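Participant: Below is one structure. I have some questions about it.
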Amino acid sequence: MDKSKLIDKLNECLRHEWTGVAQYAQAGFVVAGLWREVYSDKFFDSAKESFGHAKLVGEKIVAMGGVPSVERNPVKQSDDLQELLKMALEFESKAVKVYSEALELAEGDRALIVFLEDILKEEQEGVDELTRILRDPKAVAASIGSSATKVG
Ligand SMILES: [Fe+2]
C-alpha cells in the first residue's frame, strides 16, 4: 500500500464531496415548480450526505498524516429538474468510481477497506435511486404492458 498515493486519492474523493456540498445545495436553492416541495429537501439531504462523507474522509486523511484538501471541482448548475437529476446521477456515478479507485489502492488494509466500502455502498445507493427516478415512465409502462400481455 502506497500511503502517499492513497492520501492523494482520498483527497480526490474529498474534493468530489466538497463539490457535492455546493452542487446539491445550489440545486436545493434553485429548483422551482410543482416538484420544489419534494426535491428541494431531497437535494439538501444529498448535500448533507456529501458533507458527512467529506467529514469522514477528511478525518481519515489527517489520521494517515495527510492534509485534507479545501478545493472542489467545478459545480454544474441548471434550473431544470430533469437536468438537475441527470447531473446528480453523474455526480453519484463519479463518486462510485473514485471510491472504487481508492479501494484498489487500499489493498491489504482491512480496516480502511471496510471504511471505504461503507461509503461506496451509500454512493451506489444514490446511483440506484436516481436511475429508478430517471427511468422513462412510458418505457416502463410499455414493458409492464408487454409482460402483462405475455402472462394473459
Ligand atoms: Fe459521498
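The values are calculated or read from the model by the stated rules, or taken from the named source; none is laboratory data. Keep in mind that this is a model prediction, so the values were computed, not measured. Glycine gets a Cβ as well: all are built from the backbone with ideal geometry, and neighbour counts include every protein chain shown. Heavy atoms of the whole protein, side chains included, go into the accessibility calculation; ligands, DNA and RNA do not. Shrake-Rupley method; radii C 1.70, N 1.55, O 1.52, S 1.80 Å.
Participant: Within the stretch 59-90, can you find the residues that are within 14 Å of HIS16 (Cβ to Cβ) and touching a helix residue (DSSP H, G or I) at 6+ places or on another chain (Cβ under 6 Å)?
Facilitator: Hits for the stretch 59-90 are ILE61, PRO68, SER69, GLU71, ARG72, ASN73, VAL75, LYS76, ALA88.
Participant: Scan the stretch 67-75 and tell me whether some residue there is modelled with pLDDT of 95 or more, over 28 Å from MET1 (Cα atoms) and open to solvent by 70 Å² or more (accessible area, probe 1.4 Å).
Facilitator: Yes, there is a match, as at least one residue in the stretch 67-75 is modelled with pLDDT of 95 or more, over 28 Å from MET1 (Cα atoms) and open to solvent by 70 Å² or more (accessible area, probe 1.4 Å).
Participant: Just the residues that are free of Cβ contacts under 8 Å to residues at least 24 places away in the same chain and among the aliphatic types (A, V, I, L, M), please, taken from the stretch 37-66.
Facilitator: VAL38, VAL62, ALA63
Participant: Moving on. Which of (1) away from the ligand (no atom under 12 Å from the Cβ); (2) part of a helix (DSSP H, G or I); (3) without any contact (Cβ under 8 Å) to a residue 24 or more places away in the chain does LEU34 not meet, given it meets every other one?
Facilitator: Among (1) away from the ligand (no atom under 12 Å from the Cβ); (2) part of a helix (DSSP H, G or I); (3) without any contact (Cβ under 8 Å) to a residue 24 or more places away in the chain, LEU34 violates only (2).
Participant: While we're here: Working only within the stretch 60-73, note down all residues that are assigned to a loop (DSSP other than H, G, I, E, B) and of a type in the set (Val, Ile, Thr).
Facilitator: Across the stretch 60-73, the qualifying residues are VAL67, VAL70.
Participant: Here's another thing I want to ask about it. Condition test on ALA141, is it among the hydrophobic types (A, V, I, L, M, F, W, C), open to solvent by 50 Å² or more (accessible area, probe 1.4 Å) and over 17 Å from ASP45 (Cα atoms)?
Facilitator: yes
Participant: Just to verify a result, which residue in the stretch 3-17, among those that are over 14 Å from VAL62 (Cα atoms) and surrounded by fewer than 21 Cβ atoms within 10 Å (Cβ to Cβ), is farthest from the ligand (Cβ to nearest atom)?
Facilitator: The qualifying residue farthest from the ligand (Cβ to nearest atom) is LYS5.
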